[in-house]
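Q: Here it is: the structure, laid out below.
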Amino acid sequence: MDSDEEEDYIPQLQIQVTILFAPVGGNLHLFEPGEDGSVANPSDVRQGSLGDCYFLGALSVLGCNPEQINCVFPAGIGGGMQEYNKAGVYALRIWRGGTFRVVVVDDWLPVDEIGQPVFAQLPHDSCEFWPLIAEKAYAKLNGTYEAIEGGHENIALQDLTGGVAFTLDLG
């Protein structure tokens, strides 16, 4: 290397971080049907250290509506609900720019030093991780997890459903 090339040279450092987690006390499920046959419910959604409560609130609303969950997590090959798979790849439909976009994510999630997810959390009573996958897809669509800190629930609902977001002033 001559001296001109050395000035333009930027040393790089490679860092490897393990971000796969194994939950304590159970097998992972993308969805775990409830006793009433529901695919998901609002109690599946728990916030972690990321300030995206507006988005998680929108997910909780979707947890009350199986049709909307099916729209966000479209049917896989064969027409059935998406399920946990060994490849760890999931597709979600999120509304952006006047159309639904398919966002594909894997199930490698950021974890803390003891291997537990740092952002959206697993429910207390199961190992159902659809909210974690939805949060990752939303972060991917927006560029980073940091980009989804702070927002408005009505906009997140619009992104998840394709509906029209508006505010109604009752005062």
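Q: Answer yes or no as to whether Gly151 is surrounded by 13 or more Cβ atoms within 10 Å (Cβ to Cβ), in a loop (DSSP other than H, G, I, E, B) and not hydroxyl-bearing (Ser, Thr, Tyr). First the steps, then the outcome.
A: Working: surrounded by 13 or more Cβ atoms within 10 Å (Cβ to Cβ): yes; in a loop (DSSP other than H, G, I, E, B): yes; not hydroxyl-bearing (Ser, Thr, Tyr): yes.
So Gly151 passes the test.
Q: Still on this structure: Among (1) buried (at least 17 other Cβ atoms within 10 Å of the Cβ); (2) free of Cβ contacts under 8 Å to residues at least 12 places away in the same chain, there is one condition Ala134 misses while meeting the rest; what is its number?
A: So the condition that Ala134 fails would be (2).
Q: Looking only at region 85-100, which residues are open to solvent by 60 Å² or more (accessible area, probe 1.4 Å) and out of contact with any helix residue (DSSP H, G or I) (no Cβ under 7 Å at 6 or more places or on another chain)?
A: Once the filter is applied, which keeps residues that are open to solvent by 60 Å² or more (accessible area, probe 1.4 Å) and out of contact with any helix residue (DSSP H, G or I) (no Cβ under 7 Å at 6 or more places or on another chain), region 85-100 yields Lys86, Ala87, Val89, Gly97, Thr99, Phe100.
Q: In region 94-103, what residues are closer than 23 Å to Glu149 by Cβ and part of a strand (DSSP E or B)?
A: Ile94, Trp95, Arg96, Arg101, Val103
Q: Anything in region 122-153 that is small (Gly, Ala, Ser) and more than 15 Å from Leu109 (Cβ to Cβ)? List them, or say none. Steps first, answer last, please.
A: Of the residues in region 122-153, the ones small (Gly, Ala, Ser) are 126, 134, 137, 139, 143, 147, 150-151.
Correct list: Ser126, Gly143, Ala147, Gly150, Gly151.
Q: Filter region 105-121 for residues that are assigned to a strand (DSSP E or B) and open to solvent by less than 40 Å² (accessible area, probe 1.4 Å) and give the result.
A: Val105, Val111, Pro117, Gln121
Q: Same structure again: What do you reckon, is Asp112 touching a strand residue (DSSP E or B) at 6+ places or on another chain (Cβ under 9 Å), of a type in the set (D, E, K, R) and over 21 Å from Gln158 (Cα atoms)? Break it down into steps so the answer makes sense when it comes.
A: Details: touching a strand residue (DSSP E or B) at 6+ places or on another chain (Cβ under 9 Å): no; of a type in the set (D, E, K, R): yes; over 21 Å from Gln158 (Cα atoms): yes.
When the stated conditions are applied, Asp112 does not pass them.
Q: I've got another one for you. Restricting the search to region 53-84, which residues are open to solvent by 30 Å² or more (accessible area, probe 1.4 Å), modelled with pLDDT under 90 and β-branched (Val, Ile, Thr)?
A: Of everything in region 53-84, just one residue is open to solvent by 30 Å² or more (accessible area, probe 1.4 Å), modelled with pLDDT under 90 and β-branched (Val, Ile, Thr), namely Ile77.
Q: Give the residues of region 85-119 that are of a type in the set (Gly, Ala, Ser), modelled with pLDDT of 90 or more and within 14 Å of the chain's Cα centre (by Cα), sorted by residue number.
A: Ala91
The values are calculated or read from the model by the stated rules, or taken from the named source; none is laboratory data. On a predicted model such as this, the values are computed, not experimentally measured, just so you know. Backbone-built Cβ (ideal geometry, glycine too); neighbour counts: all protein chains shown. Only protein heavy atoms, including side chains, enter the accessible area calculation; ligands, DNA and RNA are left aside. Shrake-Rupley method; radii C 1.70, N 1.55, O 1.52, S 1.80 Å.
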